[in-house]
Structures are given as structure tokens and as C-alpha cells.
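See below for the structure under consideration.
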Amino acid sequence: MTSSGTNARDTPYPGSGGSAPTAWSAAWELLLPAASAPARARGRTLQEALRESVRSGRLAPDTRLPSSRELAADLGVSRGLVTEAYEQLTAEGYLRSDRGAGTWVGGAVRAARPGARDLAPRPADARIDFVPGTPDLSLFPRAAWAAAQRGVLAELPHHALGYPDPRGLPRLRTALAELLSRRRGVVADPERVVVVSGVAQAMTLLGFVLHARGVHDVGVEDPGSPGHDALYASAGVSTVPLPLDEEGLAPGPLEASGVRAVVTTPAHQFPSGIAYSARRRAELLDWARSVDGLVIEDDYDGDFRYDRAPVGSLQGLDPEHVAYTGSVSKSLAPGLRLGWLLVPASLAEEVVERKRTMDLGNPVIDQALLARYIERGDYDRQLRRCQRAYRERRDTLVSALEEHFPGTEVSGIAAGLHVIAVLPERYGPRDRFLAGAAAAGVAVRPLAHYGEAVDDGVRLVLGYAHLPPARIRDGVRLMADAVRF
């Protein structure tokens, strides 16, 4: 209320002849809450309201504001509070004040764009999406995770909330070393485990270290993960596509390429689905030793094997020539941004220093939470739960392909979260098949999407982990109905 008893929002702008300027009237809604705010917060509330009025454009540049006396009377607050607000915002550049000429909105501020865009990757706009790469996020263990979080918050000492060791909490590195040694056969010294924000950060860290050592080219599998190119390019390193054969990375082209570092997925190659043969593993390590090179092992879904125990890591055969990386993105959720990197002793110091300058280490509470989750056996239980679900979905997909696309060759089914389906020639050409599937609302990726060394047949990479069995059957049926010629 004003001193005369009229409502503040109806009060004329002083000196305006009874009509408030449009810009000032538009700002009233933001200023009024300051009058009803608690006394101790009233000044701060008024300052923030004025800032927001200028930022949002409600108070346009060169708008004249009421005097401190008049605004204080209109809002029913002390004049000193308004004076302090004007002085603070003038010091910050939101307002300008000319002696004897009043207070005006400054011209340095530009109205902020309202809202915030969400640039997170989104599933394909389709009825059913077979695009690989996503686990079933509904399997995330919310109850067990929440219990682990409560336990961590109760037991974590205050000093542990400071800046962490850039390698990661010793507790988590120890838990990871035990887990990876037991499940993946790695040679895991906790002193050489670096906690990272997923495999993407591990690749980028290695790219920076290799570039600093004068390595400007890294070999990548073709076909392979399309994300590696951008990750290494951000570190100033180029990628060289290297072809595969039925046993893994072809040794001839690798030796001829001249590279001294190569990225591989030997446990379950993406996207072909093959597991490197024992002979090819030995040949790859022989090459690394002969050129004093580095094999970067991306174990992106190595825990999921359905016919027998998972194939052990390549790193376990030669930890001085292999950098091993993995994450919880497929076993828990990619949004956790938690992973690990095991580095050879010769690279450890440089990787840790680069990690320090990059982000000063991963969040402490998240690290302690994952450590507790592993230590209590919850992570092993989660892996078993996921494996049962994914095996059922794989079997459903293979059965549906046999029913609706007889004669289809399916490979890569022994492990992982996707299969390769090579359809008979009668379903081609590829572009016509893909157009028919898209028209039916089914999103699929051809093998050719992941590399150049792929022919033009209908060869599909079908992800199934994120789809319930019923939707898998519906998706295959929809594709079949759409491409009957």
C-alpha cells in the first residue's frame, strides 16, 4: 500500500500526469513481492526483482525509475532499502544514476532468452526403436541406490567433502580393482585406476596425453563407434579407420597404417558383435610391443555374455601396452557419468595430471556411493538381474526374426546388447527396406552407418536391451508387414 492508502500497482508514475509508462508498469509484478517478504530478506528480494526486470526486458534500457522516496512509499518499505538497492544495481551495471537527473536502466544488459534448452540425446521419433546403445533404464536399482546414498551420507567424514584425489577416492579405486580383477581378468593396481566420467572422458584424456607425446593419429575399428572421431579430434588427434576380418582387427592394414595407438572392443566388437580370437589378441599385442605402442581397450559391455563366462580382458595379458576403460553406463545408467581407466605405468602420471587440470576429480559423494554399492555385492546382483532380462530379450528378437524374416543370418548373439541381422536378398535393396521400416514407425540402423567397409545388403544392427519382449515382437512384425513386396 502507498502512504495515501492506494494499491501500489495502481499508483501513477510520479511526474507522469497520472499514467505509468508501459515499461515501468510491466515491472510491477516482479517488484511487489519485495513488500511482503520477511524483513531480513526484503532488501535482497527487491534487488533480485529489479535485476530480473532488467534482464528479462520488462525494464527496457533508458527507462527512468521512480525516485527512492517515491518507490519506497509505493511499496511500503523504507527509503534506505530502496536507496541501497539502487546503489547496488548501479555498481553492477544494471542501472545508471546521473546527479540531479534521477536513476535510469542501463544499456549494458541484454534481455536473457527465456527458458533452457535440453540438448540431451533423445530416442528416435518412432513407435519402436531398435537403435543400439541404450540399456533398459527402468532396471536402474532405485531402492538399493537410495539405501547406499543414505549410508554414504551418514558415514562420510566432513573432510572427505574437500577436493578429491584426481584419480578418484581410494575406497572406490580399491573396490574397482577387486571387481575388475575378479570379473574381467584385468591386472588392477588401485594406484593405476583413474575414476572418469565415462568412457568418453577416458578416450579424451588418452588423446591429450598421446598428443603431448607427439602421437597425432590413432587407429579405430571400421566399422566401429562413430563417437571416437570427435573425442580424439577434441584433443588434436586424427583417427585412422582400420578394417576388421572375422577374427578382429586385421593385422596387415594395422601394420601398414603406421599408427602407434589403436582403439579396440575385443570382448564384443561394436557393431559387428564378434569376439576377438585368441590368435588375433596375441597378434595385436605383438604389434603393440614391436612399435612400443598402445592398445586402448573399450570394454563397453563386456559383462554381458550369455553362452559362458565373459571373455577376459586384453589388458590382463599385457598391462604395460594396454589401457583398459569401462563404465556403469550399460549396467546402471549412462546419466551417472561414472567410469574407470586403467593405465600403463608409463602413462599414469601424465593421465592423472591431465585429469587434475580437466575437472579436479569426480564428485565425492557419487564415488563413495558406487564404492559402497560394489562392496556390499549390490553391483554383482544388478549385473545378474540385467543379464537375465537381456538374455530373454535377445532370445525374443532372434525368434521373431526367424518367424517374420525366414532365412535371416543373426550373429553377435553370444554377448552384448545388440545383434547383427543379415536379411536375405529378397528384402533389399537396403534403402527401400529402411524407408519401409521408417514409414511403419520402426527405427533401425544399418551396419553401413558405422563404417565404410560395409556392403549394400540389408545388414542391420538391432539393439534390444531397452525394449520389453512384447515390443520387440511388435517391432519385428511391423517391419515385416511394411516391407512385403
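Measuring only protein heavy atoms, the 1.4 Å probe finds V262 accessible over about 0 Å².
At a threshold of 8 angstrom on Cα-Cα distance, excluding pairs fewer than six apart, so keeping six or more, what relative contact order does region 142-237 reach in percent?
Details: 51 pairs, mean separation 20.8, N = 96.
Value for region 142-237: 22 percent.
Each peptide in 213-222, 362-371, 96-105 was scored by the mean count of other Cβ atoms within 10 Å over its residues; highest first, the order is 362-371, 213-222, 96-105.
Using helices alone, I'd like the mean residue ellipticity at 222 nm for the chain: each DSSP H run of four-plus residues gives -39500 (n - 2.57), total over residue count, nearest 500. Before the final figure, lay out the partial values.
Working: 16 runs with 200 residues, N = 485.
Rounded to the nearest 500, the figure is -13000 deg cm²/dmol.
Enter the angle in degrees (range 0 to 90, nearest 10) between the Cα long axis of helix 378-404 and the first principal axis of the Cα atoms of the chain, meaning the one along which they spread out most. Between the helix axis and the principal axis of the chain, the angle is about 70 degrees.
With respect to the chain, whose longest principal axis is taken over its alpha-carbon atoms, helix 22-31 is tilted by about 70°. Note on the chain: Cα-only Rg and Dmax are 30.4, 93 Å. In this structure the amide hydrogen of T103, modeled in the peptide plane, comes within under 5 Å of the amide hydrogens of L65, none closer than 5 places in sequence on its chain. Candidates V291, G100, G407 compared by Cα position along the dipole of the chain: farthest toward the positive end lies G100, with charges placed on Cβ. Averaged per residue, the chain has 46 square angstrom of accessible surface, using a 1.4 angstrom probe with ligands and nucleic acids left out. The share of accessible area on the chain that comes from carbon and sulfur is 51 percent, using a 1.4 angstrom probe.
The values are calculated or read from the model by the stated rules, or taken from the named source; none is laboratory data. What you see is a predicted model, and the numbers here were worked out from it, not measured in a lab. A quick note on method: Cβ atoms are made from the backbone with ideal geometry, for glycine too, and the neighbour counts reach across all protein chains shown. Quick note on the areas: whole protein, heavy atoms, side chains included, nothing else; ligands and nucleic acids left out. Shrake-Rupley method; radii C 1.70, N 1.55, O 1.52, S 1.80 Å.
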